[in-house]
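One structure is given here, and the rest of the page talks about it.
The values are calculated or read from the model by the stated rules, or taken from the named source; none is laboratory data. From a predicted model like this one, the values you see are computed outputs, not experimental measurements. With ideal geometry, Cβ positions are generated from the backbone for all residues, glycine too; neighbour counts draw on all protein chains shown. With ligands, DNA and RNA removed, areas are computed over all heavy atoms of the protein, side chains included. Shrake-Rupley method; radii C 1.70, N 1.55, O 1.52, S 1.80 Å.
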Amino acid sequence: VPLVLRARPARLVQLALLVLLACVPRLLPEQENVDVARMEGDVQVVESQLLAWDYADIRVAAGVPVRWVIHANADEINGCNNQILCHAFSIDLTFRPGENVVEFTPTAPGTYPYSCWMGMIHGTIYVE
């Protein structure tokens, strides 16, 4: 008899809840930790921190120029995450330690993915 079938009903409920909690962030990306832009003059500025195996999701407004500042520590830059690509906004950035700046103007609301150069690490730009 498989282990799961021998488990008590309460344990099955606990396991189901753990699986659900692990999946919810990917099922509801808008609920994840999102870096939100703030207005500075006529430009919206959003700041993110580069992590070794994860990219930040950001939220910006349509029709307003964006200045995206990505802080990168030297020990967080690796062979996979060292370059981001977002074809929708013609972003092609190779990270250097310190502040890395991306500037673009989103024209239409939507959800725009970006990734590392290999397509394995992903992030999302939410345009409202």
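Of note:
- The amide H of I91, built 1.01 Å from its N in the peptide plane, has C86 as neighbours under 5 Å, considering only residues 5 or more places off or on other chains.
- Scattering from the stretch 65-126 was approximated by placing one identical point on each alpha carbon and applying the Debye formula without solvent; log10 I(q)/I(0) at 0.19, 0.20, 0.23 1/Å stands at -0.71, -0.78, -1.01.
- With protein chains left intact and a 1.4 Å probe, residues in the stretch 64-128 average 51 Å² of accessible area per residue.
- GluC sites (Glu not before Pro) within the stretch 30-70, DSSP loop, no more than 14 other Cβ atoms inside 10 Å: E32
- Looking at the stretch 28-99, the chymotrypsin sites (Phe, Trp or Tyr not before Pro) that sit in a DSSP loop and have at most 12 other Cβ atoms within 10 Å of their own Cβ are W53.
- Net charge contributed by nearby residues that have their C-beta within less than 10 Å of H71 (K/R +1, D/E -1): -3
- HN-Hα J in Hz across the stretch 88-95 - Karplus 6.51, -1.76, 1.60, θ = phi - 60°, x for Gly and Pro: 4, 10, 6, 8, 9, 10, 9, 6
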